[in-house]
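Take a look at the structure below.
The values are calculated or read from the model by the stated rules, or taken from the named source; none is laboratory data. A quick note: this is a predicted structure, and the numbers were derived from the prediction, not measured. We place every Cβ from the backbone using ideal geometry, glycine too, and count neighbours over all the protein chains shown. What goes into the accessible areas is simple: the full protein's heavy atoms, side chains included, and nothing from ligands, DNA or RNA. Shrake-Rupley method; radii C 1.70, N 1.55, O 1.52, S 1.80 Å.
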Amino acid sequence: MTEEAGTLERTCLSLKKDAQAKRRTFSDAEAAYHRSQTELKHLMKDHEQLCKRINELKHSADQISEPEKMERQRKIGQLKEKLKNLHDQDELVGQEIRQFQQAVYSYKEDATRLKKEELGLKQTLDSQQRQLRELKESKTNRLRRFGQYMPDLCEAIENAYRQRQFKHKPIGPFGAFIHLKDAELALAVEACLKGLLLAFWCDNHSDERVLQSLMSKFCSHRPQIIVNPFRSSVYDVRPRAVVCNDFPSVLTALQIDNAMVANCLIDMRGIETVLLIKSNSEARRIMQQNRPPKNCREAFTAEGDQVFERRWYSSDYSMPRFLSRDVEADISRLEREIENTKDNLLTFQQRICSVDNDIRKNERFQSDHLRHQKDLQIAMRKVNLEITDLENIEEHQSVDISTLEDEAQSIKSKMETVKENIRQQKAQMEERKCILQAADQECQAVKDRIHQLEEDSGPIRDGLNQADNELENSRTHMQHYEKKEREHLESIKTLKNHLATKESKLMEMIAKASEIHPERINSSRTVKSLDTEINRLREKINSERERTGDREEIIRQLQEAKEKYQNAESKVKNLKKFIKMLDEVMKQRYKTYLYFRRFLTMRCKYYFNSLLSQRSYSGKIEFDHKNERLSITVQPGEGNKASLDDMKSLSGGERSFSTVCFILSLWSIAESPFRCLDEFDVFMDMVNRRIAMDMMLKMADSQRYRQFILLTPQSMSSLPLTRFIRILRMQDPERGQSTLNFHRSGEENEDEE
């Protein structure tokens, strides 16, 4: 039964292939039949159109007269004139659109710049208003000058100290314990101490951790905490203090209420070695022009500038924040600055509003001109189509009717041939259809026999499936037990490795013990006595730790130092990446610069040649960027009839005209709101002067957003009178004057005395 089913399947497969081949043959014949029918329809349609065209030509052969031809020529001439006018209007509108685009671009640049300045003023205003609030609140509580959170933090420290959470009460902020002997040095002292004015002192690291937890509740940016053992007296710094009788040091200029604050400032900032000099000139003379005083490392001026022996750093602040005495004066001054900032901000906002209005106005004009330009282009296309239609009208008499009749006869013969092909293809299609039906019937019979065999083999197939399932279950069980076996073997291997590790550790411990004592001691002491001895040794170790320092604290300091090192290392890596990125950016900018320089060079050369050609001159400009040289050669007359000469060989008028062309070409590549020329037409004749003036007026008219200033001793009465040109004529000098009334400055001073 299986062999019979296989034979039938192979037979069915071959019959299917045969049927598919016959079906493709039938489809090809059917497609050819349909193509022939389509071709016949197209030929009939072409024959009908040719007959219709022949009849039209015969009917209209004598209807076109000479006056109609003249009328058509006249219409074509009118349409061409109309097309020229539309083209001129299109060019004018395009030029105006470009002017509006340039104006919008310029206004947008101004708006961007003004908005950046406005943002800077808003940030300055917010900072000034925040300082004003802090100053007003500090009138009732001086601690608020050091931050809004500072009174609450100091109160929390006081409560924690009463609850005995601190061994010694922390001291801070340092600025609250500092008073100036000279109020004019407030900014200098703040520039010197900086963040130390907000710092706190703690006696030990345990108090530091408690203070850190309190600070985390009140402030996001934690002030500096200085850990230093308590000392009731100020350091004796006379051996290392600065020696200067004319100017005080920071230590002598301050009155410090707490000894630990003074000691911390001496340790952290070295205030005994920093001079305070009010005048910048005096500071420069003492620190840089002469040898600095003994033990003096640096100095600060009344304006907050930091002065070293060979360096000078300007201050970022203009007024003190923490140490000023006259709070009312500071408030008044800050209020005046806020008013000035608001006025400046209002002015900038008005300017931005004005620029935005100009942008919208120019964009509206630009969109109107774009619509007008689109309408002009549509009208130009319509006129072109009308001209084309009129020019394409041909005389019906020029058509050869006999040629069309021959073509119609040829199409008719093709129609007969196609009809004959259709009859043959139809017969062939019917024959292949019968063959295809016979093949389908034979294939269907084989399929029915295969279905019958499948029904008979159903029970046998079920038995085979059941046997396959039992075989698959047996394989699954076998794989399960094999996996269990592997797991047990792995467990045995792991235990052996663990045993070997323990034995190696035991050998290492025995070796270490042998280093301490070469022979193994067989002790008769009990375990309890050994534990007591171990505990006694541990207590001794702990006492040594307390004497030398806490191990955890040392580890914490190590971790902090390690974190600082890692942070510095990551910053260095980031900076190297940033430097590499900057190198790539600079290379790209240099390439762009070379491309832009070449573009400007070509543009300058083009404008120079274009301007020279208006006087029938020829010339060229050679740019040698490598040697930073520029050479100009000009030749009057036609360029192909004379060789180019240097500028020195030209006459005065030719040289002046060439110089004007050169300046105008430079103007075309330079962005400047002002363009000035002085006595440019002195050596020109009337023709060159007129051409040069026309050229400059044309350029000035095309760039109305720039101002042109031309100085000349010649008469400018021939210039046209427009609202864009303004002529200022100076008075003639006095011809009879022989000397000028000049006096030496020394003689005038003697006369005044």
Q: Please sort 126-133, 520-527, 162-169 by packing, taking for each peptide the average over its residues of neighbouring beta carbons within 10 angstrom, highest first.
A: 126-133, 162-169, 520-527
(Q) As a quick test, which of the pairs Lys17/Lys45; Lys374/Lys698; Lys82/Lys605 have an alpha carbon distance above 31 angstrom in this structure? (A) Lys17/Lys45; Lys82/Lys605
Q: Calculate, in whole percent, how much of the Cα-Cα pair population of segment 667-728 lies beyond 20 Å.
A: 25 percent
**Q.** Solvent exposure ordering (accessible area, 1.4 Å, most first) of Glu533, Glu490
**A.** Glu490, Glu533
Q. If Val227, Val234, Val383 are ordered by their accessible area, calculated over protein heavy atoms with a 1.4 Å probe, which sequence runs from highest to lowest?
A. Val234, Val227, Val383
Q. Ile725: accessible area at probe 1.4 Å, nearest 10 Å²?
A. 50 Å²
Q) What do you reckon, how do Lys116, Lys447 stack up by accessible area (1.4 Å probe), largest on top? A) Lys116, Lys447
Q) Per residue, how much accessible area does segment 141-180 show when a 1.4 Å probe rolls over the protein heavy atoms, in square angstrom? A) 49 Å²
Q: First compute the accessible area of segment 250-351 with a 1.4 Å probe, then give the percent of it belonging to carbon and sulfur atoms.
A: 42 percent
Q | Global form of segment 176-236, assessed from the alpha-carbon gyration tensor, a/c cut-off 1.5 | A | oblate
Q | Heavy atoms of Val572: accessible area, 1.4 Å probe, square angstrom to 10 | A | 70 Å²
Q: Rounded, prolate or oblate: pick one for segment 222-380, where a ≥ b ≥ c are the square roots of the eigenvalues of its C-alpha gyration tensor, a/c under 1.5 means rounded, and failing that, prolate if a/b is larger than b/c, else oblate.
A: prolate
Q. Quick one: of the DSSP bridges fully inside the chain, what percent are antiparallel, nearest 5?
A. 60 percent
**Q.** Anisotropy class of the chain from Cα gyration tensor, a/c 1.5 cut
**A.** oblate
Q. Using the per-residue mean of other Cβ atoms lying within 10 Å as a proxy for protection, in what order, highest first, do the peptides 75-83, 605-613 fall?
A. 605-613, 75-83
Q.
For the ranges 423-433, 581-591, 283-293, what's the packing order if you count other beta-carbon atoms within 10 Å of each residue, average per peptide, and put the highest first?
A. 283-293, 423-433, 581-591
Q. Could you name the lysines in cross-link range of Lys591, using Cα to Cα under 21 Å and dropping any fewer than eight places away on the same chain?
A. Lys580, Lys626
Q) For segment 481-504 and segment 531-584, what is the separation of their Cα centres, given in Å? A) 40 Å
Q. For q = 0.09, 0.15 Å⁻¹, what log10 I(q)/I(0) does segment 90-241 give under the Debye formula with an equal point scatterer on each alpha carbon and no solvent?
A. -0.50, -0.95
Q | Mean ellipticity per residue at 222 nm, deg cm²/dmol - from DSSP H runs of n ≥ 4 across the chain, formula -39500 (n - 2.57) | A | -24000 deg cm²/dmol
